[in-house]
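Notes to accompany the following structure.
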């Protein structure tokens, strides 16, 4: 008989895929973003057109193996904390869990012109307008196009896409939505 | 939704630059899922990496010449020296960093605020293989005008310096070039590194520098570029680590029912020409 906790651990391991061992000791906290007095950080996400409503974002970083940390909770969206300002806002969420759709399952339905709202720790909200959606192969991932610095106030949403490699337990592609403050 | 301002916002009003678009050269074929620590011998020979240490002291002396001629010679010498250290891109990297460089973060040699060129920005993307002491750089400057100027062998650097503090240059990159508003510089170079600038100990400030020091504390390093008009720096920003490889945001639980998650065919048709870009798998290297 498994304890409930053991079941959770199994699911997390599956979530992580081969590149990110379960419960990685990365630079992120996996805890809700809490800003200091002297900084303004993204804390919530709304995408009305696909029904995403996330009152709290999780803080993510770089995992020990150099890959991006991903939310351990399939129902949550995480913010990649680069530790630097200014910079792009990059939000990560799962397309599915082992058992069904997850928080960013409908991200592929976003179209240029759709509006994404990000709430910040100072109580303000910023609307971003989708510019394009790209499907990018993980084995030739353009790191700096997703996580790199860029002029202006840009938002990038990332999830998985493409075929699922059963052997590697990983999708072969990422889906990246580029949006700009509108 | 205008009006949101704060630490994460663009302090430069760079929205004005948004019409320029941006281009980054994609890093290629990282294969991170196969293990980013993997190390593949690239066949680089020592001869290829030999550097002309004799040249490194010449630039400070040239500073005594007229400003115009010194700049011309400095630019030429800097480029030539940088080319000597150029190496092919390694097959793997151990870490990657990005920098959003802005004028407001520039400080002088005493640590006092010395704002750089108004409206200018810089993106510095670095890929490091610390085992081979190779750093690949993709630098894009926007709105930087005028001639470069620095007592070092080039005017585009990584300094060992915390935010708001001065510090010695450890790496000198070929200065970005280009017509108009955008200047770029890309390549890979391998240590041992020199900057052409003599430190307090009488040695080149790049002597003994290892890229592993960046990996140990990226926030303790800053990238910048210097011009005659903005000698302390036109733009500057701290290094921040970026993850390598694809993002593992799926566990496959719904993949078979939906035949894989992709941009739907209907969506593609509707959005064709409206910004959807499918990157073909054939782009993958190897």
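The values are calculated or read from the model by the stated rules, or taken from the named source; none is laboratory data. Model, not experiment: these values are computed from the prediction. Here Cβ is always computed from backbone atoms with ideal geometry, including for glycine, and neighbour counts include all displayed protein chains.
Answer yes if at least one residue in the range A:49-66 is closer than 16 Å to residue A:180 by Cβ and surrounded by 16 or more Cβ atoms within 10 Å (Cβ to Cβ), and no otherwise. Looking through the range A:49-66, none of the residues is closer than 16 Å to residue A:180 by Cβ and surrounded by 16 or more Cβ atoms within 10 Å (Cβ to Cβ).
Scanning the range A:128-149 for residues that are without any contact (Cβ under 8 Å) to a residue 60 or more places away in the chain, facing chain B (nearest Cβ under 7 Å) and closer than 24 Å to residue B:122 by Cα gives A:131, A:132, A:141, A:142, A:143, A:144, A:145. The residues of the range A:50-69 that are at positive phi and touching a strand residue (DSSP E or B) at 6+ places or on another chain (Cβ under 8 Å) amount to a single one, A:66. Scan the range A:108-127 residue by residue and report those that are in a loop (DSSP other than H, G, I, E, B) and at the interface with chain B (Cβ under 7 Å from one of its Cβ atoms). Of everything in the range A:108-127, those that are in a loop (DSSP other than H, G, I, E, B) and at the interface with chain B (Cβ under 7 Å from one of its Cβ atoms) turn out to be A:111, A:112, A:122, A:124. Evaluate the following for residue B:121: is it facing another protein chain (nearest Cβ under 10 Å), surrounded by 24 or more Cβ atoms within 10 Å (Cβ to Cβ) and closer than 20 Å to residue B:240 by Cα? Yes; evaluated as a whole, the condition is true for this residue.
Table: residues versus (1) out of contact with any helix residue (DSSP H, G or I) (no Cβ under 6 Å at 6 or more places or on another chain); (2) away from chain B (no Cβ under 11 Å); (3) in contact (Cβ under 8 Å) with a residue 40 or more places away in the chain.
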site	(1), (2), (3)
A:35	yes, no, yes
A:54	yes, yes, yes
A:60	yes, no, no
A:69	yes, no, yes
A:75	yes, yes, no
A:88	yes, no, yes
A:91	yes, no, yes
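If you go through the range A:74-107 and pick out every residue that is touching a strand residue (DSSP E or B) at 6+ places or on another chain (Cβ under 6 Å) and in a strand (DSSP E or B), you end up with 7.
Scanning the range B:212-225 turns up no residue that is touching a residue at least 24 places away in the same chain (Cβ under 8 Å) and in a loop (DSSP other than H, G, I, E, B).
A residue that is modelled with pLDDT under 95, buried (at least 24 other Cβ atoms within 10 Å of the Cβ) and facing chain B (nearest Cβ under 7 Å) occurs somewhere in the range A:96-107.
When the range A:151-161 is filtered for residues that are within 7 Å of chain B (Cβ to nearest Cβ) and buried (at least 24 other Cβ atoms within 10 Å of the Cβ), the ones remaining, listed by number, are A:151, A:158, A:159, A:160, A:161. Does residue A:46 satisfy the condition of being modelled with pLDDT of 90 or more and under 21 Å from residue B:219 (Cβ atoms)? So residue A:46 does not fit the description; no. Criterion applied to A:72, A:30 was being at positive phi, within 12 Å of the chain's Cα centre (by Cα) and crowded, with 17+ Cβ neighbours inside 10 Å, and the one residue passing it is A:30.
Which one of A:178, A:106, A:165, A:153 is over 30 Å from residue B:235 (Cα atoms) and touching a helix residue (DSSP H, G or I) at 6+ places or on another chain (Cβ under 9 Å)? Of the residues listed, the single one that is over 30 Å from residue B:235 (Cα atoms) and touching a helix residue (DSSP H, G or I) at 6+ places or on another chain (Cβ under 9 Å) is A:106.
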